[in-house]
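The structure under discussion appears below in the form of structure tokens.
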Amino acid sequence: MDFKIRAAKQEDCKEISRMIIELAVFEKMQDQLKISTQELERNGFCSNPRFECQVAEVSEEHKSSQGYTVVGFVLYYYTYSTWMGPTVCMEDLYVMPEYRGKGIGKGLMSKVAQVGKEKECTRLQLTVLDWNTRSLDFYIMKGARDMTASEGWLALRFDGEALDKLAAEAPKD
């Protein structure tokens, strides 16, 4: 099946938002979803975007059973490693179920790697849920290292009340 990977445009945000909801349902975390189409537009398509995104698009003749031609996306951003330098972080990679196994996920991830290399990134980081063995196996097959297993890294997060409390403890200027 032919498909095209291209940089997302602001007008794609409705489709990206739809797929983010599908991903949240798949990950059994839809209750944690707070982002809106408008926030995607504001945060990704401004003078200082907080993320970049690529979409996978199929022709009209291969549109989904629901009529969609945008059938996958990858959202990513940049950070900096004090040990390795510029890093690209893949936040989400999603391909609609009926299009999986056709090279679209690989195409999206490879595009992020290419864009990252063009921006002199030294690595591509991502997280994957421990129960999502299909995705984990895919990433490992493509050459990713499991940092939890090899180096003992754990993912931690401050959010909500914990983030508010920590911020309130900052020294005053």
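The values are calculated or read from the model by the stated rules, or taken from the named source; none is laboratory data. Please read all numbers here as calculations on a predicted model, not as lab measurements. Cβ coordinates were reconstructed from backbone atoms using ideal geometry, including for glycine residues, and neighbour counts include every protein chain displayed. Protein only, heavy atoms only, side chains kept; ligands, DNA and RNA dropped before computing areas. Shrake-Rupley method; radii C 1.70, N 1.55, O 1.52, S 1.80 Å.
Filtering the range 4-21 to residues that are open to solvent by 50 Å² or more (accessible area, probe 1.4 Å) and either part of a helix (DSSP H, G or I) or touching a Ser or Thr at 6+ places or on another chain (Cβ under 8 Å) (or both) leaves Gln10, Glu11, Lys14, Ile21. Given Gln30, Gln38, which one is touching a helix residue (DSSP H, G or I) at 6+ places or on another chain (Cβ under 7 Å), of a type outside the set (Phe, Trp, Tyr) and open to solvent by 50 Å² or more (accessible area, probe 1.4 Å)? Every option except Gln30 fails the conditions. Return the pair list, or none, for Cβ contacts closer than 7 Å from residues in the range 113-127 that are small (Gly, Ala, Ser) to residues that are surrounded by 17 or more Cβ atoms within 10 Å (Cβ to Cβ), at least 6 apart or on different chains. If the second residue must be surrounded by 17 or more Cβ atoms within 10 Å (Cβ to Cβ), the pairs left are Ala113/Leu124; Gly116/Val88; Gly116/Leu124. Note on the range 141-158: among residues that are surrounded by 12 or more Cβ atoms within 10 Å (Cβ to Cβ) and touching a residue at least 12 places away in the same chain (Cβ under 8 Å), the one that is farthest from Val70 (Cα to Cα) is Ala144. Within the range 110-132, not a single residue is touching an Asp or Glu at 6+ places or on another chain (Cβ under 8 Å) and among the hydroxyl-bearing types (Ser, Thr, Tyr). Of the residues Asp164, Asp173, the single one that is outside any helix (DSSP H, G or I) and farther than 23 Å from Phe51 by Cβ is Asp173.
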